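Asks: My questions all concern the structure below.
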Amino acid sequence: MGLGIAVIQNLLELKKLGYLKNINNVLELGSQELYLQASDLKELVKSANLDVNQINNIKNVNNWPKKPWCSSKEFYDFLGIKSYQSIDLNGEHNSINHDLNLPFLDKQKFNTFDLVTDFGTAKHTF
């Protein structure tokens, strides 16, 4: 699953408006990847008045649509969010391997995230 143009545009707008200023730790439901061309990402970043040159430092950003795709962790790092984790049964991108149909009992993770996102994972649970 991945973050497309609309989601990335929304996250950049939140960054531009200062809403991500105090966000240090993010948890994503699903190990997400960027689903867009690097040129489109650069246009979005430019529209948000952020440093377009930093896009070149994002690992695998030029691969889309070929694999390996760019992990969304790289994009959150670009946004200034340094601590990233995801939960996904597939275990990709160093995600916490967990079936979201079952209770999450790792209490060490409780109350540790400033932002939790779900860009299409919960619809797959029963």
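The values are calculated or read from the model by the stated rules, or taken from the named source; none is laboratory data. Keep in mind that this is a model prediction, so the values were computed, not measured. Cβ sites come from the backbone with ideal geometry, for glycine too, and all protein chains shown count toward neighbours. In case anyone asks, the SASA skips ligands and DNA or RNA and just uses the protein heavy atoms, side chains included. Shrake-Rupley method; radii C 1.70, N 1.55, O 1.52, S 1.80 Å.
Asks: Once Rg and Dmax of the Cα atoms in Å is worked out from the coordinates, which option in [x] 16.9, 55; [y] 14.0, 44; [z] 14.6, 42 does it equal?
Replies: The value computed from this structure is option [z].
Asks: Determine the sum of side-chain charges near residue 28: Lys and Arg each +1, Asp and Glu each -1, restricted to other residues whose C-beta is under 10 angstrom from that of residue 28.
Replies: Numbers: positive: 73; negative: 88, 118.
Summing Lys and Arg as +1 and Asp and Glu as -1 gives -1.
Asks: Further question on the same structure: Heavy atoms only, probe 1.4 angstrom, no DNA, RNA or ligands counted: give me 92, 74 ranked by accessible area, highest first. List each step's numbers first, then the result.
Replies: Working: 92 85, 74 50 Å².
In descending accessible area the options line up as 92, 74.
Asks: Name the shape class, rounded, prolate or oblate, that the alpha-carbon gyration tensor gives for the stretch 58-126, where a ≥ b ≥ c are the square roots of its eigenvalues, rounded holds for a/c under 1.5, and otherwise prolate holds if a/b is larger than b/c and oblate otherwise. Walk me through the numbers before you get to the answer.
Replies: Numbers: a/c = 2.26, a/b = 1.42, b/c = 1.59.
Oblate, because a/c is 1.5 or more while a/b does not exceed b/c.
Asks: Tell me the net charge near residue 52. Cut-off is 13 Å between Cβ atoms, residue 52 excluded, with +1 for each Lys or Arg and -1 for each Asp or Glu.
Replies: Values: positive: 42, 46; negative: 40, 43, 51.
Result for the neighbourhood of residue 52: -1.
Asks: Out of the trypsin sites (Lys or Arg not before Pro) in the stretch 3-52, which ones are loop residues according to DSSP with at most 14 other C-beta atoms within 10 Å? All intermediate terms of the calculation are to be shown ahead of the outcome.
Replies: Working: sites: 15, 16, 21, 42, 46; in loops: 21.
Sparse-neighbourhood loop trypsin sites (Lys or Arg not before Pro): 21.
Asks: Report the label-to-label distance for residue 6 and residue 126 in nanometres (one decimal), using points 7 Å from each Cα along the Cα→Cβ vector.
Replies: Those two pseudo-labels are separated by 2.9 nm.
Asks: Using the Cβ atoms and a cut-off under 11 Å, what net charge is assigned to the surroundings of residue 4, where Lys and Arg are +1 and Asp and Glu are -1?
Replies: Values: positive: none; negative: 33, 40.
Once positives and negatives cancel, what remains is -2.
Asks: At most 16 other Cβ atoms within 10 Å and a DSSP loop assignment: could you name the chymotrypsin sites (Phe, Trp or Tyr not before Pro) in the stretch 1-89 that fit?
Replies: Working: sites: 19, 35, 69, 75, 76, 78, 84; in loops: 19, 35, 69.
Answer by residue number: 19.
Asks: If you rank 124, 98 by how much accessible surface each has, with a 1.4 Å probe, what is the order from largest down? Could you put the intermediate results ahead of the total?
Replies: Working: 124 115, 98 30 Å².
Final ranking, largest accessible area leading: 124, 98.
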